[in-house]
Every structure is written in C-alpha cells, then in structure tokens.
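Each remark here refers to the structure printed beneath this line.
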Amino acid sequence: MGVTKEQLESTLTSKLNPQHLEVTDTSGGCGASFVIDIVSEQFEGKRLLERHRLVNAALEEEMKEIHALSIKKALTPQQWKQQQEESEKSKSGA
C-alpha cells in the first residue's frame, strides 16, 4: 500500500505548520506520485531550493514509497498574499 494524500498532509502540517497546503495525488490513487502547493512561514528568507529541501526532509519517511513528488509552489505567506491579490486583479480586469 502506497502513501496517502492524508498522510502527506498530516506530516507536512505537523512539521512545517503551513498556512495553505494543497496535496494532489496524481498517481490515480496508488500513492506513488503527488503534486504539492505549500505556504509556510518557515520558508521566510530561504531560496527556492532550500524550501524544496525542507519539504523533502519533512517527508523523509514517505519519500521511500513515493515515486514522484512535484512541489508546484513553496511560498512564504507574503508571497502567497501577493499572488492572491494579483489573481484577483486579473480576474476583475483591473
């Protein structure tokens, strides 16, 4: 039995305390491939590679069973807020 979306969410929540977390199982339910969007204060002052390393370290045990992990977004709360605001502006046509 592979890793579940809920397992990843639980581990990332306990280790990185994200303000936003979206985990998508892209393996068709077998738990081998996931896409993650995560927003955490722990990313503050860190480059993208360092953020990815934090996520991978948090999921060290789960990574033994995961074939593919794509970290689509690893943002600070401020970056997340800016993206949300820009998205709203583009939707409203401003």
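Can you tell me which residue among L48, L21, L75 is touching a residue at least 24 places away in the same chain (Cβ under 8 Å) and in contact with a helix residue (DSSP H, G or I) (Cβ under 8 Å, 6 or more places away or on another chain)? Outline the logic, then answer.
Details: L48 fails: in contact with a helix residue (DSSP H, G or I) (Cβ under 8 Å, 6 or more places away or on another chain); L21 fails: touching a residue at least 24 places away in the same chain (Cβ under 8 Å).
Step by step, each of L48, L21, L75 is checked, and only L75 is touching a residue at least 24 places away in the same chain (Cβ under 8 Å) and in contact with a helix residue (DSSP H, G or I) (Cβ under 8 Å, 6 or more places away or on another chain).
Condition first: among the acidic types (D, E) and either open to solvent by less than 30 Å² (accessible area, probe 1.4 Å) or within 15 Å of N56 (Cα to Cα) (or both). Now tell me which residues in segment 14-44 satisfy that. Don't jump to the end; show me each part of the working.
Quick first cut of segment 14-44, residues among the acidic types (D, E) only: 22, 25, 37, 41, 44.
If the condition is that a residue be among the acidic types (D, E) and either open to solvent by less than 30 Å² (accessible area, probe 1.4 Å) or within 15 Å of N56 (Cα to Cα) (or both), then D37 is the only one that fits.
For segment 68-94, name all the residues that are farther than 17 Å from D37 by Cβ and either within 16 Å of the chain's Cα centre (by Cα) or open to solvent by less than 60 Å² (accessible area, probe 1.4 Å) (or both).
none
How many of the residues making up segment 1-51 are under 14 Å from K73 (Cα atoms) and of a type in the set (V, I, T)?
Of the residues in that region, 6 qualify.
Name, by its number, the condition in (1) in contact (Cβ under 8 Å) with a residue 60 or more places away in the chain; (2) open to solvent by less than 50 Å² (accessible area, probe 1.4 Å) that does not hold for E62.
(1)
Hey, L48 hits all of (1) surrounded by fewer than 18 Cβ atoms within 10 Å (Cβ to Cβ); (2) at pLDDT below 95 but one; which does it fall short on?
(2)
Being under 18 Å from S10 (Cα atoms), touching a Pro at 6+ places or on another chain (Cβ under 6 Å) and hydrophobic (A, V, I, L, M, F, W, C): is that true of V39 here?
Values: under 18 Å from S10 (Cα atoms): yes; touching a Pro at 6+ places or on another chain (Cβ under 6 Å): yes; hydrophobic (A, V, I, L, M, F, W, C): yes.
Yes, satisfied.
Would you confirm, using the coordinates I've provided, whether V55 is β-branched (V, I, T) and in contact (Cβ under 8 Å) with a residue 24 or more places away in the chain?
On the way: β-branched (V, I, T): yes; in contact (Cβ under 8 Å) with a residue 24 or more places away in the chain: yes.
In short, yes.
The values are calculated or read from the model by the stated rules, or taken from the named source; none is laboratory data. It should be emphasised that the depicted structure is a prediction, and the values quoted were computed from it without experimental measurement. Neighbour counts run over all protein chains shown; Cβ positions are idealised from the backbone, glycine included. In case anyone asks, the SASA skips ligands and DNA or RNA and just uses the protein heavy atoms, side chains included. Shrake-Rupley method; radii C 1.70, N 1.55, O 1.52, S 1.80 Å.
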